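Beneath this line is the structure, given in structure tokens, with notes to follow.
No value in this document is a laboratory result; all are computed from the given coordinates. Just so it is clear, the structure is predicted and the values come from calculations on it, not from any experiment. Positions of Cβ are backbone-derived with ideal geometry, glycine not excepted, and every protein chain shown enters the neighbour counts.
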Amino acid sequence: MAVQIALRPLALTDSLDIVRSVASHEPSGSAIDVTLTKAEGNPFFLEELTRAVLEQGASGAPEAVPDTIKGVLAARADRLPNPTKRVLQTASVLGREFSPRLLKAICTDSGDVMRHLSELARLEFIHELPGPREQWYAFKHVLTQEVAYESLSIARRQSLHETTGKTLESLYPDRLDEYDEMLAHHFSRSPNTEKALEYLDRANANADKANAAHEAIALFDRVMALLDGLPETRLTLERRLSLIVRQGVVFESVWRMPDWYQLLLRFEDAAVRLGEPGLLGTFYGRLGWLEWYFGDTDRSIEAAARGATLCEAAGNYEDAGQAFIAWQVSLFNRAEYAQSLCRKDDVLRVMARSFNVHWHTRALHVAALTHCRLGEWKEAIAAGDEELRTAGEAADDLEAATAAILLALVYGDQGDLPRAFQYGELAVQKSPLPDKSGVRRGLALVWCRSGAPRRRGVETGTTACGGPPRFKRLPDLPSGQRPWPDGRTGVSAARLRQHLVDASRHGHALSASRQRRSS
């Protein structure tokens, strides 16, 4: 919740000190009186009013100075020579901070741009930024930039934004990825919708890769709004669908999976009508995951099977792997274990064509769980070992931690506690997540099943329950809704309580199992 803090105006003597510090000579009494009265103790207003009164000089009475800070700034800018004013206005289009190199490339009709910048700095419209990078300037105050920008006509603003975008492309052709967001900003404020769509889409993808989910969602909404204003051609529809199917991680990160699901349902008929096999396969693969996510196993299998078939036929092997995984998981949930294991083979087959460590290891993980359900411990361990080896070769610590905690649980269920603890500790060591709560929950379960919950199970499980939330940037949620991290903490606590209750039975069972093996 934002808090407003009311700042007291400067005292009369302090205000007078500011006026005298700005003026190169003692202002007249009437000028001081008007400045102090209109500024009402606001330091920035005091500075700008003093400059406005001094610049006005004998050409007008001090009382004629505008009553608002924006009015004062506009009056000061209007008194600038036209070339200097054009440089100020163009700089306002570039942003609060700007590069003289870019400004000079745009201002081709204003003479010596650096001379104008020096004059603007002398008049304290702008100032040079310190630092080791190439020379940069900044507006002294955001209001100065706003006034200069608002003095441009809408047509002139749009033209300058487009020129800025094109100039950036020509200046940095090999570094466009670094400027995607800036290019998206400028082209989206120009008539060049094609370029705006290109760079907004790229900026959305970059934000997704950087785990900047809220920024990615905002960019996604801007692309969708631009597409809404275009005729619904095949190209527009293909762009829209390609954008939507790519947003899964983004929507999940901000707890908006129902919104993503509704988007897919809304555009399902359009995707079928478009008839582009690879894109349609990706679309149904994502829909299969969402049907599983919301608990409709039958519809998940139907959509994922369709998606996997279409993607593989179109040579889109990575998305085929994702669809096969959704199919595999849904079959596992329906206890159709033989079919689920067949889908694992399908995943590995397409991953051989286009490797993705996440889908490859997921398929092995689900296969290991399937073998556990069937009591096939040797096969479960083999699948877990392969999962761990694949994650290690790909240097993916998160997948390695997931594989290790699975092996810890499998060995724990077999009664091989030394190996169970070995893999459990490996999982904690490998997990790149700050709280490590997921793997600590698994390790707590191993300790509880060992018959020694009071020694280590409580300690480890409590750490998992009480650790800090995994995600730091959480949106405000409606009353009654809880984000996954807290929800999972509650699940951890409930599971820990249940395993403590069952611990003695687990201990007796393991002892009996060991006795049977020794006999």
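The figures follow:
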| read-out | value |
| --- | --- |
| Sum of side-chain charges, GLU302 neighbourhood, beta-carbon under 10 Å (Lys, Arg +1; Asp, Glu -1) | -1 |
| Net charge of neighbours whose Cβ lies under 11 Å from the Cβ of LEU230, counting Lys and Arg as +1 and Asp and Glu as -1 | -1 |
| Sorted by Cβ density within 10 Å, fewest first, the residues TRP327, TRP447, TRP260 | TRP260, TRP447, TRP327 |
| Order by protection proxy (mean Cβ within 10 Å, highest first), peptides 388-395, 271-278, 82-89, 299-306 | 299-306, 82-89, 388-395, 271-278 |
| By average C-beta atoms within 10 angstrom, highest first, the peptides 102-114, 191-203 | 191-203, 102-114 |
| Sorted peptide list for 427-435, 376-384, criterion being average Cβ within 10 angstrom, highest first | 376-384, 427-435 |
| Segment 276-379: C-alpha pair distances exceeding 17 Å, % | 46 percent |
| Positive-pole candidate from LEU123, VAL113, PHE98, dipole of segment 80-152, charges at beta carbon | VAL113 |
| Per-pair calculated FRET efficiency, R0 = 45 Å: HIS127 and ASP259 via Cβ, rounded to 0.05 | 0.55 |
